[in-house]
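Take a look at the structure set out below.
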Amino acid sequence: MIQFKKSPVALSVIIATTMLTACGGGGSDQDSQASNSTSFTGLVIDDAISGSYVYPDLNGNGVQDSFEKGGATNSEGRFSFGVGLTSNLTLKSIGGTDTATQESWDGSLSNIIDTSSTQTTLNLTPLTTMAASLATNSDLSLSIAQAQERVLVAVFGQTGTPTIDLNTYNYITQTGSDSNAATMRQAAVKLAQTVEAGNRVLNNAAESVNGIELGSTGVEAKTNDASSFIYDSIAAQLTSSSSANNFLSTLETQNLSTIITTAKTNFQQDIINTHTNVNTTSLQAALDAAEARARQAAESTARVADDVLDRATDENSFKAASIVTATLVEKADQGADVTTLNTFEVNLINDTDVITAVNTAITSGNVIDVGLLEDGLGDGSSVGSAITDSSLEDISSDIWSNQFLSMSGQDSSTEKGRVILFFDAYSESAGKGNAKVCYAFKDGNEEQTGLIEAEWTKVGDEVVEVTSTYGNFQIKAYRVQVVATADTGKYLGLGTSGVPGSSEYGNFLFTSSAFDENATWYSDIVGDSTAKDTAAGWGLASYTSSPSNGDGCKSFTASGVNGGNAFLTVNVF
């Protein structure tokens, strides 16, 4: 089956933003990107992040405005685009897929373009993000170069700190050939996963309050998510070289409780400042209730990351360590309480078979889904069974190029919708291809249809990322599963195989918290079980030409699908 995971903008935000024109937030900002353009290239890496949207934060408000144009990273995490420079500005990346864990990357990374430098290569990593937080801390008065030096002290210590340019150094490709690379990679991954664990708990709590929309992109996103405040809170601890000494390499021993508490307080105030109608009492209650879980999530993740990353020596073992650590982040994201998080942490550290088995599976070519692995380990399954059940279906051919995928579902009697994704031919040299997303959505009396221009990146044969200015979708190929009878009412169908009431649906499943945590969408075309390594076998269908606008979406037909009739709004409106 295929699962979409929103990253980092919910589908409801995507639909809302596509209805607006790019009106921007001031002519000077728009002009600064259009004129005197300088070309920048670089990588977005925790491990490599593919399908991440990189843009210049021209007005420094921390979120992407409609006039701040960028582009998506390719399958290796590479990006390239031009921007006009009049003063230092922050380069930010949003979302994407972590190629080590094959999971949606929900956070944001950043770096600062220094106009006093002629450098045009600029990587975005957890360590450059930490340096950016240091450089923008008004109490420290550090240049970006000085901030990056302090980050190196936090990784390597005050004595023997190597001379490394964080803007250009790729600790992934250097792993195994440079001893500094392993140390930097351990610190970067530990930092990123620790921040993400606390981030997800605080974000979920805030978004449970009516009227709050978080994220780093889209007109509905009025504030950063919690991750930027956690980075800032850590930066506030690095007030000198002595206080920074080995801070990040020993993050699991630091006072993460205070760091999360400070971040929560600043996060809460920023939401109040940017959401005029928010119920401050409800917001404070939600974040206060989540604070202990966020602290435990960050502390447990840091300890697990330290334990498993210390054993990593090559590419596969680093990927295995990232996957095992990510299961704890997933556990936190699912709302686990403090006791459950602590127990899960202890089990991961004490059961050395987990990291060994994951490493063996990766070496054998398996692609493991972190969410399913977390489910298996948390349910008490044996390590072997958990890995088998969480391994994605092996696909050896390109099932995506020049094919479309139609999916539909309903969250309630009033909320329902369909998306049709068109995957144009893939360029292996560019590491991406063009894509289009037609959508139809109904919520009560509100009806919306439209088209989103996008790009798609092949993270692997089993995983693709669809990236647009308005948000990302991740698609994964799972083994075919029979849909539970209780879920059949959530499927809209097209009047062909797999209609409500049948025991088997298509191979694709889309879940989104945009509508409801329990909202489930299924593919409209049931695959041919006798041809599992083909597009038809997975329930995709070919097309001659894709729609060019919303009206084209509504009139799109496909031979053999629903009798050839236009089907975007069938059973939706």
* Structure fact -> Given the candidates 193, 231, 212, the one whose Cα lies deepest towards the positive end of the charge dipole of the range 173-393, counting +1 at each Lys or Arg C-beta and -1 at each Asp or Glu C-beta, is 231
* Ranked highest first by average number of other Cβ atoms within 10 Å, how do 256-269, 139-152 line up? -> 256-269, 139-152
* Structure fact -> For the range 335-347, in residue order, the Karplus 3J(HN,Hα) values (coefficients 6.51, -1.76, 1.60; θ = phi - 60°; whole Hz; Gly and Pro = x) are x, 4, 7, 4, 5, 4, 4, 5, 5, 4, 4, 4, 5
* Positive dipole terminus of the range 348-399, leading residue within 354, 399, 381 (C-beta point charges) -> 354
* **Qualifying aspartates and glutamates (Cα of each under 16 Å from Cα of residue 69; at least 8 residues distant if same chain)** => 29, 31, 57, 453, 455
* In nm, to one decimal, how far is the residue 353 label point from the residue 146 one, both placed 7 Å along Cα→Cβ? -> 5.4
* Expressed in nm to one decimal, what extension gain is obtained for the pair residue 346 and residue 447 from 0.36 nm per residue of sequence separation less their Cα-Cα distance? -> 31.5 nm
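State in Å² the accessible area per residue of the range 204-359; use a 1.4 Å probe, count heavy atoms of protein chains only, and round to the nearest integer. Mind showing how you got there, number by number?
On the way: 6040 Å² over 156 residues.
On a per-residue basis, 39 Å².
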* Structure fact -> Computed ³J(HN,Hα) along the range 429-439: with the Karplus parameters 6.51/-1.76/1.60, θ = phi - 60°, integer Hz and x for glycine or proline, the list is 5, 7, x, 6, x, 7, 9, 9, 10, 8, 9
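Within 10 Å, count the other beta carbons around each residue, average over each peptide in 544-553, 437-446, and list them highest first. Display every interim value, and only then the final one.
Working: 544-553: 14.6, 437-446: 17.8.
Peptide ranking by packing, descending: 437-446, 544-553.
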* Structure fact -> Magnitude of the Cβ-charge dipole (Lys and Arg +1, Asp and Glu -1) of the range 284-389 about the Cα centre, nearest 20 debye, reported as 100
* Structure fact -> In whole Hz, the Karplus estimates of ³J(HN,Hα) for the range 286-303 (6.51, -1.76, 1.60; θ = phi - 60°; x where Gly or Pro) are 5, 6, 4, 5, 8, 4, 5, 5, 5, 4, 5, 4, 5, 5, 5, 5, 4, 5
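Output the relative contact order of the range 68-156, whole-number percent, from Cα pairs under 8 angstrom with separation of 6+ residues. Please report the intermediate quantities before stating the final value.
Numbers: 95 pairs, mean separation 16.2, N = 89.
The value is 18 percent.
The values are calculated or read from the model by the stated rules, or taken from the named source; none is laboratory data. Worth saying up front: this structure is predicted, and the values here are computed from it rather than measured. So basically every Cβ, Gly included, is an ideal-geometry build from the backbone, and we count neighbours across all protein chains shown. SASA here: full protein model, heavy atoms, side chains in, ligands and nucleic acids out. Shrake-Rupley method; radii C 1.70, N 1.55, O 1.52, S 1.80 Å.
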